[in-house]
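Laboratory data are not the source of any read-out in this text; all were calculated from the coordinates shown. Bear in mind that the values here come from a model prediction, so they are computed numbers and not experimental data. Here the Cβ is made from the backbone with ideal geometry for all residues, glycine too, and neighbour counts use every protein chain on show.
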Amino acid sequence: MVFVLNITNDDDPVVFDCDDSYDSWIEISKYVIQFMYLVPGGILNSLFFYTIWFGHRSTYSNSSFFVIYSIDCFVSVLIIICDIIGRFIMYIPPLCPILSPYFYNPLYFFKGVMIVMNHSKTCKFIIQSLLVLNRMTSVIWPLEYSKMWRKCVKWAVALIILLPLATDWNLVISRVYMEPMFGGFYFFYTRKVAWAKQSRFQVFFISIAFGFTVVCTSYTLHALKKLKNRITKAERTVSIASAYISIGYIVLSVFQVFYAFFPYLPGGVMVSLAHVAYDVLDVGSPFTMIAVNKTLRHHVFGMTVKN
């Protein structure tokens, strides 16, 4: 089924037909599988944020890495919540004919969902750049590193929160509408300013993150191997976890460039690939950190740390 948006102004209803060519059980199974890993990922990110800022604040609040990483956990939770909502209406075909008439008119709630998702994803790219830079400086200047980052961490947090606002404006002024997808429907926007495509904004930020990731992670891994005696065990484990997470960002970078410059591919395929790419980061990142960092694992779950 090919959907063509046909409206003359932003207040016109966008009427669409549900695509009944999809097997309901297959699509519902997709949602159930994704729900089963998104919820644990959201819970673990929430536990990390709570542990860093409330449960063991005295341990982590002085660590610039964990302050920045806690923001990543928070925005990951926001993305996961938005994904659970969006994928519910997309992967449950029996609900489409019942719910679709309520989604023909302008969608202010889902405009908010899109803005939160876009803002949070851009935050993650900035966070990635800062995290790998943080790890590299910890091995270049192990003695001065903490003092240096303590002075600028507040500015780094402000940068993470405020800079993505530069990418949100076209979503704010554009119409958000529903389009049939996988037997259900999913939200898209009209792009009031044609050149201001969100995926291309994200390519800009993820290209910067990609450059930082390759350069900083390469140097960090080299230093970890060469300067074993200069780096504490705690810093070493955090750096290794950061390196693993960086692999996911490199994969996402390749996909995001592909998505931005090859828009003619089927929408369903691109939406699915985008979901998988971000799920790997939102869910995989905290599991990687908990697997590598024994101290954090102990603080989150109360597990005994063995030396």
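Observations on the model:
- Phi-based couplings in Hz for the stretch 150-156 (Karplus 6.51, -1.76, 1.60; Gly and Pro marked x): 4, 6, 10, 5, 5, 5, 5
- Taking 53, 25 and counting other C-beta atoms within 10 Å, the order from fewest to most: 25, 53
- Exposure proxy order (Cβ contacts within 10 Å, fewest to most) of 145, 37: 37, 145
- Neighbourhood charge, 12 Å Cβ-Cβ cut-off, centred on residue 115 and excluding it, Lys, Arg +1 and Asp, Glu -1: +1
- Net length available on complete extension from residue 15 to residue 35 is 4.3 nm, with 0.36 nm assigned per residue and the Cα-Cα distance removed.
- Positive minus negative residues near residue 93 (Lys, Arg vs Asp, Glu; Cβ under 9 Å): -4
- Ranked 172, 139, criterion: other C-beta atoms within 10 Å, fewest first: 172, 139
- Centre separation in Å (Cα based) which lies between the stretch 98-165 and the stretch 1-64: 17
- A full extension of the chain between residue 295 and residue 53 corresponds to an added length of 85.6 nm, given 0.36 nm per residue minus the alpha carbon distance.
- 3J(HN,Hα) along the stretch 274-285: 4, 4, 4, 4, 6, 4, 4, 7, 5, 9, x, 4 Hz, from the Karplus curve 6.51 cos²θ - 1.76 cosθ + 1.60 with θ = phi - 60°, whole Hz, x for Gly and Pro.
- Cα-based radius of gyration of the stretch 24-301 once divided by 2.2 N^0.38 Å, which approximates compact folds: 1.06
- Residues in the stretch 151-169 reached by a label modelled at residue 5 [backbone nitrogen below 17 Å; 7 Å Cα→Cβ]: 168-169
- Rg/Rh for the stretch 24-68 (Cα atoms only, Rh after Kirkwood) is 1.31.
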